[in-house]
Amino acid sequence: MGGLDPLKNSLVVDFLDAHRLTLSDLLENHSSPLNILFPQVFIDNIRRFKEVFSDFGAREGIFYSAKANKGNAFVEAVAHANIGMEVSFYRPKAVSLYENPR
């Protein structure tokens, strides 16, 4: 059965290739899942979504779900990318970034 090849960000691929042994050690010592966050890839994906919306003359409405995704790096990326954020619980980092945008 055929399928689609996954899109692979070169930054992520290069990181995984360069740190293969370190990642192996981390998995062995701390088990799985091992979460490695790439907020710069997230920001680039947002930029690309905004381009598609613009190309089709659609108004964008991109929102990040802070409850489902706990990484503070993404909260900062949301502020940087100027998109909305759904926060269904108190999160001091998110509140401070929206009160004092960078």
(request) Please give the net charge around F42, taking every other residue with its beta carbon less than 12 angstrom from that of F42, where Lys and Arg add +1 and Asp and Glu add -1. (result) 0
(request) Just order 59-65, 73-79, 5-11 by mean Cβ neighbour count inside 10 Å, highest at the front, would you? (result) 73-79, 59-65, 5-11
(request) Would you please give the residues with an amide H less than 5 Å from that of Y64, counting only those at least 5 places away or on a separate chain, with H modeled from the backbone geometry? (result) G84, M85, E86
(message) Starting from the 7 Å offset along Cα-to-Cβ, what nm value, one decimal, do you get for the label separation of D5 and N72?
(response) 3.9 nm
(request) Please give the contour-minus-distance gain from S54 to L34: 0.36 nm per residue of separation, less the Cα-Cα distance, rounded to one decimal in nm. (result) 3.6 nm
(message) Report the gain in length on full extension from V13 to V41: 0.36 nm times residue separation, minus Cα-Cα distance, nm rounded to one decimal.
(response) 8.9 nm
(message) Could you compute the net charge surrounding F53? Neighbours are other residues with a C-beta less than 14 Å from the C-beta of F53; K and R count +1, D and E count -1.
(response) +1
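Any read-out appearing in this document is the output of simple, stated calculations on the displayed coordinates, not a laboratory observation. Just so it is clear, the model here is predicted, and its values are computed rather than measured. As a convention, Cβ positions derive from the backbone with ideal geometry for all residues, glycine included, and neighbour counts pool all protein chains shown.
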